[in-house]
Structure formats: C-alpha cells, structure tokens
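First comes the structure, then the notes that go with it.
The values are calculated or read from the model by the stated rules, or taken from the named source; none is laboratory data. These figures come from a predicted structure and were not determined experimentally. Positions of Cβ are generated from backbone atoms using ideal geometry, with glycine treated the same way; all protein chains shown enter the neighbour counts. We work out accessible area using only protein heavy atoms, side chains counted, and drop any ligands, DNA or RNA first. Shrake-Rupley method; radii C 1.70, N 1.55, O 1.52, S 1.80 Å.
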Amino acid sequence: MHRRNFITHARWRTTASATLALAVAFTLSGAAAGALAQTTAKPEGLTLSQAFEAAWARQPELAALAARRDAARAQQQAAQSWTPEPVAVEVTGKTDRLNRNLGTREYEAGLAIPLWLPGERGRSQALAEVEGRAVESRTTAAQLRVAAAVRDAWWNWQRARADAATAQGQLDNAQRIAADVGKRLKAGDLAQADQHQADGAVAAAQATVAQAQAAVIVAEQSLRTLVASPGLALTAGPADLIAEQEPGAAATDMDTHGELLALKDRASVAEGVAALAATQSRANPELTIATTRDRGASGETWQQSFTVGVRIPFGAGPRHDARTAAARAETIELQAQLNLERARLAGERDSAKARTESARLQLAAAERRAQLARESRGFFDKSFRLGETDLPTRLRIEAEAAEADRQAARSRIELAAAISAWRQALGLLPQ
C-alpha cells in the first residue's frame, strides 16, 4: 500500500498546481453552465405543430392572403359581367351664343357600351378561375417553405437538448466517481494521482456541459427567431420527444404536393393569359346609343333624333404579337420548370424514405449498444468498488457508456427528424 501511495514531492506539487488551476477554471465553467441552464429552463408547452403555426402567423403571405382572395373574387365577377369595361356616358352640347347668337342649340346624350371580342369573355372567366386557385396553391407552397425552416430549427434544437442531457448525465456520474475516489483516498486505498484523474474527468464533463448548454441556447434562439414570440414556452426535456406520424401510402401521391400544385396553377395561369391574348387581337369594339335634341334658331321647334353606332378598332399588329409571344414563352418556361420540380421532389421523397429506414436501423443498433454499455458500466463499477478494477479502466468504461447513451439519444432524434423530412418531401405540414 505504501508503494502505491508513493509520489515524488516535485511531481505531486506540479500535478497539484495544475489540478488547482483546472479546478478553478472549470468551477467558473460550471457556474457559467448553471447560468446557461437557468436561462434555457422553460416551462413545457410548445410543440412542432404549434411552432409552425406561430411562424406562419407572422408571414407576409398570410398577411396578404385576404386581399389576394378579394382580388381573385373581384376578377371573377368582372369576367362574368356583360361588358369587358364599364359603360360610359357621353353628354355634349352645341350653341352659337358666342358668335351669331341666333339661338342655335343642340344637346346630345348617349351611352358607350364596350363589347366582348369573340371568345374573350369565356377565356377571361377561365383565367379568373385559375387565378383564384393559384392564390390558394401559392399559399400552400409558402406554408411548406415555412414548415421546412421550422422543422430544421426544431430538430437542431432537439439534438442540442439531447446532447445537453447526455452531458449532464456524464457529469453526474463523473462527480459520483470522484466522490468515491475521495473517500477511498482518505482510507488509503487509492493514490493522490487517482484523485487527480477523477477530478480531471469531472472538469472535462463540466466543460462538455457548458458547451452543450451554449449549443442549446443558440438552437433555441434560432427557433425563437422563426416563431418571433419570446413568451412562448418550449418543451422542457428530450424525454417528451414526440415524433410526427409516418406518412401513409395515400400520402405518397406527388400530384397533390403543394409546390407542384403551385407550379401547375402558375402554368395554367400562363396558358390562360396566352389564350386570352390570342383573342385580344384588337381593342374592344363599342356600341354607341345616343339621343339628340336640337333647333336651328330661336323660335323654331325642337327636334328629337336617335343615333346607334358601332366603333371597331383596327388590329393591334406587332403589339398583339409581342403580348402573345411573351405569354407563350412564360407557359413554356413554367412547364419545363414543373417537370424539373417533379423530378426533384421525387428524388427527395425517395432519399427521405431511405434515410428513415437507415435511421431506424441505426436506432436499433445504438439502443442495443447503450444497453450493453450500461450493463458493462454496472459490472465495472462493482468491481471498482471491490478494488478489482483500476481507475483508468473505470473511467474508460464510463466514457464508453456516456458515448453510447449520447449516440442512442441522437439516433432517436435522427429517426424523428428523418420522418419529418420525409413528410416535408411529400408536402405534408407539421403535426
């Protein structure tokens, strides 16, 4: 026993000085970690679905949605009206009061009624209907973009919380081992060098906790930036992790994807614009109905007459050709973009599904490893207390168990995140 406790005076003083400096530094780190833990401690309450709703509530697309719907309804009503433009009233008067002043008078009142071109009204109605659908699909596509950002921030926060919980567990175990080593040092069973090793393990665990807590704060602030509500309560611990449901077979239909529907409607709007432009080869004709009341001189009888006329503009020529060509080009571009987007989303769907299956296998392996590591930790902890295992081996087993627990917690988060990404690829909003 005397040989095990023997340490040269110089070596002990150097080690003690280093240990004292390390202990002071990590005492401060522990205080900082405690402050960070107090800062991030939030009451339970926010879920992924609620975070998405809070983020969507502040989006500009939602703020303008009511106005866009009103505009679409007004456009539909305008396409169903009897005239393409409002009816105009024309009133004219003629007199010779400023020159001869013989009493010549003429008054005319009439209506100018714009007329639909052949096929223009029907195509205007079709275009207005498609534009109304485009407003809704555009909103759905915007919701999916917000959902992608919220999901990314949410699962990053979950990963940071899982790492923080694992780091705290490792610190608790390291402190328990250090306390046990301290008791055995006083009893003369272990050397001062063993105490230094145990205290070094505690200091390293304190640094890991501080780093993990800082990562939690960063991830939480990123999430709060999206929801823009500092008063919202966030769920307290990774134990209450709720994953989204896996998508069913009916949800794999890509034709109902919000982004594809938005592009389809945009392409339909472009087609409607092109079809309407093809009919608008000239300005709208006008029907004129007027009545005239006049007299030739003072004392003569007033005469009443009626006028019916039609105003037919000439063709628009190059201007019409330019509008038609631009509309066709927009249609061709959106159709090509739709095909590319369909292929991209199909690839994301297959990748997300494969990632989910891989994450499920990784989780099973990680949980098996964590279970074996916990059992091994129990075996070596008992043998260490009985003096059958040295401290370095005990610390190594503890580090392996902590890493196994961290990997298992991370694997659970990764599986939930993979399911969430799969739902995102299918165009499903958070639940």
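Observations on the structure shown:
- Residue that is of a type in the set (Gly, Ala, Ser), touching a residue at least 12 places away in the same chain (Cβ under 8 Å) and under 23 Å from residue 261 (Cα atoms), where the choices are 352, 329: 352
- If the condition is being open to solvent by 20 Å² or more (accessible area, probe 1.4 Å) and either among the basic types (Lys, Arg) or assigned to a strand (DSSP E or B) (or both), then region 253-294 contributes 264, 266, 282, 286, 287, 288, 289, 291, 293, 294.
- Taking region 382-396 as the range and being touching a helix residue (DSSP H, G or I) at 6+ places or on another chain (Cβ under 6 Å) and closer than 17 Å to residue 175 by Cα as the test, the residues that pass are 384, 391, 394, 395.
- Contact map, region 367-388: first residue of a type outside the set (Phe, Trp, Tyr), second residue part of a helix (DSSP H, G or I) and open to solvent by 50 Å² or more (accessible area, probe 1.4 Å), Cβ cut-off under 6 Å, separation 6 or more or different chains; pairs are 373/400.
- Scanning region 172-181 for residues that are free of Cβ contacts under 8 Å to residues at least 40 places away in the same chain and surrounded by 23 or more Cβ atoms within 10 Å (Cβ to Cβ) turns up nothing.
- If you filter region 295-339 down to residues that are surrounded by 13 or more Cβ atoms within 10 Å (Cβ to Cβ) and outside any helix (DSSP H, G or I), you find that the one that is modelled with the highest pLDDT is 311.
- Residue match in region 186-201 (condition: touching a Phe, Trp or Tyr at 6+ places or on another chain (Cβ under 7 Å), among the polar types (S, T, N, Q) and more than 29 Å from residue 419 (Cβ to Cβ)): yes
- Residue check for residue 123: assigned to a helix (DSSP H, G or I) and out of contact with any His (no Cβ under 6 Å at 6 or more places or on another chain): yes
- Checking each residue in region 130-150 for being open to solvent by less than 10 Å² (accessible area, probe 1.4 Å) and not small (Gly, Ala, Ser) picks out 144, 150.
- Single residue of region 162-195 satisfying the filter (part of a helix (DSSP H, G or I) and in contact with a Gly (Cβ under 7 Å, 6 or more places away or on another chain)) that is modelled with the lowest pLDDT: 195
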